[in-house]
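Reading through the structure tokens given below for one structure.
Derivation of every value follows stated rules applied to the coordinates shown; laboratory data play no part. Computed from a prediction, not measured in an experiment: that's the story for all the values here. Using ideal geometry, Cβ is built from the backbone for each residue, glycine included, and neighbour counts are taken over all protein chains shown.
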Amino acid sequence: MMLKKIAVLGAGTMGHGIAESFAIHGYEVNLFDNDATRLAIAKEEIEAELELLALEKFIEPGVVQSILNRITLVTDLKQCVIDRDYVIEATFEEIGLKQELFKTLDELCPPHTILASNTSTLQLSEMTKYVSVERKEKVIVNHWYNPAHLMPIVELSYFGNMPDSTYGQIEKLYESIDKTTVKVLKDIPGLIANRIAQAIAREVFSLIEMGAAAPEDIDKALQAGPAFRYATTGHLEIADLGGLDIWYTSVNNILKDIESTTEPSKLLKEKVNEGKLGIKTGEGFYKYEAEEVLLTKERFNKRLINQLKAMKKMAEIR
Ligand SMILES: NC(=O)c1ccc[n+]([C@@H]2O[C@H](COP(=O)([O-])OP(=O)(O)OC[C@H]3O[C@@H](n4cnc5c(N)ncnc54)[C@H](O)[C@@H]3O)[C@@H](O)[C@H]2O)c1
């Protein structure tokens, strides 16, 4: 059976982009949030993001309205999910809330509905503690990356609770919206991509703390160095290309000098305590004038759109 009718619960940072991705690829999506104001803002955000995709010639300008028409804002949870095949929750990261929501969804949804969580840190078994035994075969973590409508990755839990045929339906669903899925075999915090990102972040913060280079240069080193290759080829293949003997020597020589703390960086803590939270407060590692904020965000999105275009081209190289 094809999964066709989608519902997204929570229309915040992630939820609006998830709904948008499905609608771009022709799916009818019900979008629900228990905050009506947030729901209205989400539609505006989606429209602005679609306009940018059209401006960058990633989609045809003529399709923006039809994509928007495929997203129905719903203010009643039952009405939102009652006829859906696939329901994704992207609500607050609170275990009690998600447990309650999954229990309610189990009661409201038809037996065939698959329930998914976009959680970044919570365990699937804990979140779905109160759902029926039958539904436990139809629950999954599907972890998107921000901004959801642009980032290709969706990590999928493959923890043994679900028959392969159901998992296969979900993989097909994501393939049909051009997402790259990753099968995660263990229920570990951060799944795969975030754990790798945190390992890089720990060293980046440490390098700034020790004054090894200016923030701009550390960012440049990452972007023009490892990240440039990573955008084309995964680490294990890169290691094979370079030679595992070379990697062995390098690891042997450098690893003992690399940051290994299990605490958040002191510098990061200081910034947070001083209210320097990044673009939303005008200062983080860099400073942002009020008039630069929108432009900076737009530049980031434009670059991601062009990277997506490059990725499509790269996929053709055999
Ligand atoms: N922000 C990220 O970068 C990111 C990335 C990957 C995964 N996640 C995960 O995705 C989820 C959502 O994160 P976010 O950043 O979009 O949060 P957010 O705060 O931007 O949005 C959450 C939305 O959920 C709504 N909500 C809360 N309780 C609800 C309920 N019971 N029913 C319906 N709507 C409800 C809120 O009104 C809000 O609009 C979290 O589990 C988070 O860990 C976030």
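Are any of the residues in region 177-187 surrounded by fewer than 13 Cβ atoms within 10 Å (Cβ to Cβ), away from the ligand (no atom under 13 Å from the Cβ) and not in a strand (DSSP E or B)? Yes, because at least one residue in region 177-187 is surrounded by fewer than 13 Cβ atoms within 10 Å (Cβ to Cβ), away from the ligand (no atom under 13 Å from the Cβ) and not in a strand (DSSP E or B).
Restrict the check to region 62-72 and report whether at least one residue is out of contact with any Cys (no Cβ under 6 Å at 6 or more places or on another chain), within 11 Å of the ligand (Cβ to nearest atom) and under 30 Å from Val139 (Cα atoms). Full working, then the answer.
Here is the first cut: in region 62-72, the residues out of contact with any Cys (no Cβ under 6 Å at 6 or more places or on another chain) are 62-72.
Cutting the leftovers down to within 11 Å of the ligand (Cβ to nearest atom) gives us none.
No, region 62-72 has no match at all.
The set of residues from region 77-123 being surrounded by 21 or more Cβ atoms within 10 Å (Cβ to Cβ), farther than 13 Å from Arg135 by Cβ and more than 12 Å from the ligand (Cβ to nearest atom) comprises Arg84, Tyr86. Filter region 5-27 for residues that are in a loop (DSSP other than H, G, I, E, B) and either within 13 Å of the ligand (Cβ to nearest atom) or closer than 12 Å to Arg38 by Cα (or both) and give the result. Residues satisfying the conditions are Gly10, Ala11, Gly12.
Helices (runs of 4 or more DSSP H) fully within region 220-318 that include at least 1 residues being in contact (Cβ under 8 Å) with a residue 60 or more places away in the chain: 266-273, 293-315. A single entry from Thr13, Thr37 fulfils the requirement of being of a type in the set (S, T, N, Q), surrounded by fewer than 19 Cβ atoms within 10 Å (Cβ to Cβ) and free of Cβ contacts under 8 Å to residues at least 24 places away in the same chain: Thr37. Among the residues of region 34-58, the ones that are more than 11 Å from Glu20 (Cβ to Cβ), within 16 Å of the ligand (Cβ to nearest atom) and of a type in the set (A, V, I, L, M) come to 4 in all.
When region 139-170 is filtered for residues that are over 21 Å from the mean Cα position of the chain (by Cα) and either surrounded by 15 or more Cβ atoms within 10 Å (Cβ to Cβ) or among the basic types (Lys, Arg) (or both), the ones remaining, listed by number, are Asn161, Met162, Thr166.
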